[in-house]
1. Report the longest stretch of the chain that contains none of the trypsin sites (Lys or Arg not before Pro) sitting in a DSSP loop with at most 14 other Cβ atoms within 10 Å.
2. Tell me the angle of helix 10-19 to the major Cα principal axis of the chain, expressed in degrees between 0 and 90 and rounded to the nearest ten.
3. How many nm is it between the label spots at Asp195 and Glu56, if each spot is 7 Å from the Cα in line with the beta carbon?
4. How much length would be gained if the chain were fully extended between Asp286 and Lys216, taking 0.36 nm per residue of separation minus their Cα-Cα distance, in nm to one decimal?
5. What nm distance separates the two modelled labels at Asp72 and Lys28, each placed 7 Å from Cα along Cα→Cβ?
6. Sticking with the crude label model, points 7 Å out along Cα→Cβ, report the distance from Tyr103 to Trp329 in nm, one decimal please.
7. Can you tell me which lysines have their Cα less than 22 Å from the Cα of Lys217? Leave out same-chain residues fewer than eight positions away.
8. As an exercise, use a Förster radius of 22 Å and the Cβ-Cβ distance of Asp120 and Ile160 to find the FRET efficiency, rounded to the nearest 0.05.
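Derivation of every value follows stated rules applied to the coordinates shown; laboratory data play no part. These numbers come from a predicted model, not from an experiment. All Cβ positions, glycine included, derive from the backbone under ideal geometry; neighbour counts span all protein chains shown.
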Amino acid sequence: MKEYRMSQPKLFEKLIQVFGSISAISGKKILVIRDLEVALMLSVRNAVVYITDDEECAEAFRKNTEAGMGDDDKVFFINNYKTELKELLNDMHFHVAIQNPPYERNLHLKILAEVLKHADKVINISPVRWLQDPFAPYSNRSDYSKFEEDVSKKIETLDIVPAKHASEIFDASFAMNLGIYVCSEQGGYNYRHDDPLINKIVQKIMTSNWLPFSQKKFYQNGCVQLKPFILNIGGVMGGPVCCATYEGQLRTQLSRRDSIFNGGGGGAQSSHFEFDTEEERRNFYDCYCHQFMKWTYSLWKCDNQNRLDKIPYFGDFTHPWDYADFFAWFDLTEAEQERVKREIAEMQAE
């Protein structure tokens, strides 16, 4: 696996900010995970333990430190962070740890939780939506719930790096926002979801959403079409739930039909809707392409895949949906309506 190589020294900048000056970063025991440039810079005045799963980076660090950049530094090449990191760190302890861990599923959180046991302070860059998803507190299976004690309560500060800026930092394509976390036992960052409007939106969606219309249920019912006009929605991946054009949406097919009968779960992410008239079908499509809905998607959009229980189901599509309909369905106050309109305008201006 190749390290994501930073074209901008964001972690080093944050380190200087935390300690106050570069001169204050001297004579310390420092752990660096997957950031060769930072490891090399810090090895001059500090005892650095550098851990990577990139053999070329491991060799480059070894050669540079042997050439005189540091005589108290160590490098460890590992293949599997899940099984090797805990044993490797064992009884080690550091003044500070700096890391850009692998972003595979929630591996970055497992690494962060483990490193926090071995460092007074941790500076970390990794995905942040696990902490921001307003639906997460309602599920004990979410990363928000799983890592609340080990990570969330130990965050001191969190700087958000939008996806487009993340792509510039790493000179690679990123579809996710990143966060630069500063963590320690003292914590102090308000990670809780305490926005009344967002919580109101989430709780309403939880009472009526797309989940009952999953592909799995349609096939379990024998694939019997009850109404003349149908619309299939494929696996919901990021962004708006519908195709860019109505004609494209009409061509969408349910996916992985056989997987349902064979015990697989992938196909259950597709949805099947039926309507009495063509007008209703078109109103349904237009509804989920409305600016209000695009604003709603921005609240719950996760890094890769969106869950069907995060998409509201409005039930009645006999008429075109407008702002008044959405505001009424969510029972928004005038102040809340003004906020939504303002945020939509800001979103369109970006």
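1. Details: sites that count: Lys2, Arg105, Lys117, Arg141, Arg192, Arg251.
It works out to 3-104.
2. Tilt of helix 10-19: around 60 degrees.
3. Each label point is offset 7 Å from its Cα along the Cβ direction, giving 4.0 nm.
4. Numbers: separation 70, 0.36 × 70 = 25.20 nm, distance 2.51 nm.
Length gained between Asp286 and Lys216: 22.7 nm.
5. My value for the distance between the label points is 1.4 nm.
6. 3.2
7. Output for Lys217: Lys227, Lys310.
8. Working: r = 24 Å, r/R0 = 1.11.
With a Förster radius of 22 Å, E is 0.35.
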